[in-house]
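Encoded as structure tokens, the structure appears first; notes follow it.
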Amino acid sequence: VPRTGSADKKGGGLTRKASGMKGTPRYMSPEVLMNPSGDYTEKVDVYGVAMTMWSMATCEVPYAHVQSALDLVRIAHQHGVRPPMDYILQTWPDFAQVLSKSWCHNPEERLSAQELIVMLDRAWEALGSPNEG
């Protein structure tokens, strides 16, 4: 997560100017890794939340097979490779859609925080209540 130095409201969303970088690269959005002192929106956090949710759902570390930070940048961020979702697609396809829309390489295509909440609520509702049926 980028360390923020200042915040401005632009276009209805919060834009932050980073003054440094802290965090785990496996969970960082491409724009943070490629430009640690750039201007960011909330969508960098949406990306990190998606990686965290994937990790929680699978009990795995994203890109665990990748050993170096340089390889991580090349594989995950320059080539757009994301963690596998076979298990999630089979067990909870609505959640898989939330993840895929939350970790888009292009932040313009990524969900906003509000959109993420709405989609998570819908995915949860799609599971149904365990007492139904």
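The values are calculated or read from the model by the stated rules, or taken from the named source; none is laboratory data. All values reported here derive from a predicted model rather than from experimental measurement. In this analysis, Cβ positions are derived from the backbone assuming ideal geometry, glycine residues included, and neighbour counts consider all displayed protein chains.
Yes/no matrix, rows are residues, columns are (1) surrounded by 13 or more Cβ atoms within 10 Å (Cβ to Cβ); (2) part of a helix (DSSP H, G or I); (3) at pLDDT 95 or above:
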residue: Val49; (1), (2), (3): yes, yes, yes
residue: Ser55; (1), (2), (3): yes, yes, yes
residue: Glu60; (1), (2), (3): yes, no, yes
residue: Val73; (1), (2), (3): yes, yes, no
residue: Leu99; (1), (2), (3): yes, yes, yes
residue: Arg110; (1), (2), (3): yes, no, yes
residue: Glu115; (1), (2), (3): yes, yes, yes
residue: Asp121; (1), (2), (3): no, yes, yes
residue: Pro130; (1), (2), (3): no, no, no
Enumeration of residues in segment 83-97 that are buried (at least 17 other Cβ atoms within 10 Å of the Cβ) and among the β-branched types (Val, Ile, Thr)
Ile88
Could you check, for segment 17-32, whether at least one of its residues is buried (at least 18 other Cβ atoms within 10 Å of the Cβ), in contact with a strand residue (DSSP E or B) (Cβ under 7 Å, 6 or more places away or on another chain), basic (Lys, Arg) and modelled with pLDDT under 90?
no
